[in-house]
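To keep things clear, I will list the structure first and then write my remarks on it.
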Amino acid sequence: MATMTVSLPGPMKDWVEAQIETGAYASSSDYVRDLIRRDRERRSQDMALEEVRQVVLDARASGISPLNVEEIFEQAREIARSRGTLRG
């Protein structure tokens, strides 16, 4: 495992040490690893949310389809078949 030295202001250092004293973490390294893991998860969720927002914006910009619901689903099935991802 790689080593990294981090400088913290006194109050932040005290906070980390308090988390260890309460038993929430075994060490400052465990605390930092958990913060990094949570940050990565949050950023991943933020990116996924942004992708959904873009899909909604694209859908709104494309206007109303002349197709009915069954025709839309049939197109989706055809795309899935062509990609080899159709289930059931």
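Bear in mind that the values in this text are calculations on the coordinates, not laboratory data. Owing to the predicted nature of the structure, the values given are computational and were not obtained by experimental measurement. Reconstructed Cβ throughout: ideal geometry from the backbone, glycine too, with neighbour counts over all protein chains shown.
Using a 10 angstrom cutoff on alpha carbons, build the Gaussian network for the chain and name the most mobile of Q19, Q75, Q45.
Comparing Q19, Q75, Q45 in a Gaussian network model of the chain, the most mobile one is Q75.
If you rank D30, D46 by fewest surrounding Cβ atoms within 10 Å, what's the result?
D46, D30
Candidates (1) 1.33; (2) 1.50; (3) 0.98; which is the computed Rg/Rh (Cα atoms, Kirkwood Rh)?
(1)
With θ set to phi - 60°, apply the Karplus curve 6.51 cos²θ - 1.76 cosθ + 1.60 along segment 38-55 and write out the HN-Hα couplings as whole Hz, x wherever there is a Gly or Pro.
My calculation for segment 38-55 gives 5, 5, 5, 4, 4, 5, 5, 5, 4, 5, 4, 4, 5, 5, 5, 4, 5, 4 Hz in order.
Enter the angle in degrees (range 0 to 90, nearest 10) between the Cα long axis of helix 69-83 and the first principal axis of the Cα atoms of the chain, meaning the one along which they spread out most.
70 degrees
To the nearest 10 degrees, how steeply does helix 10-21 sit against the main Cα axis of the chain, on a 0 to 90 scale?
Long axis of 10-21 versus the principal axis of the chain: about 80 degrees.
What number comes out for the charge environment of L8, summing +1 per Lys or Arg and -1 per Asp or Glu over other residues with Cβ under 13 Å away?
Local charge sum for L8: -1.
Taking the Cβ of each residue in S7, S82 as the centre, tally the other Cβ atoms inside 10 Å and list the residues starting with the fewest.
Final ranking by Cβ density, sparse to dense: S7, S82.
Mind telling me which of A18, A59, A76 comes out most flexible in a GNM of the chain, alpha-carbon contacts under 10 Å?
A76
G84: net charge of surrounding residues, Cβ under 15 Å, Lys/Arg +1, Asp/Glu -1, itself excluded?
Once positives and negatives cancel, what remains is +3.
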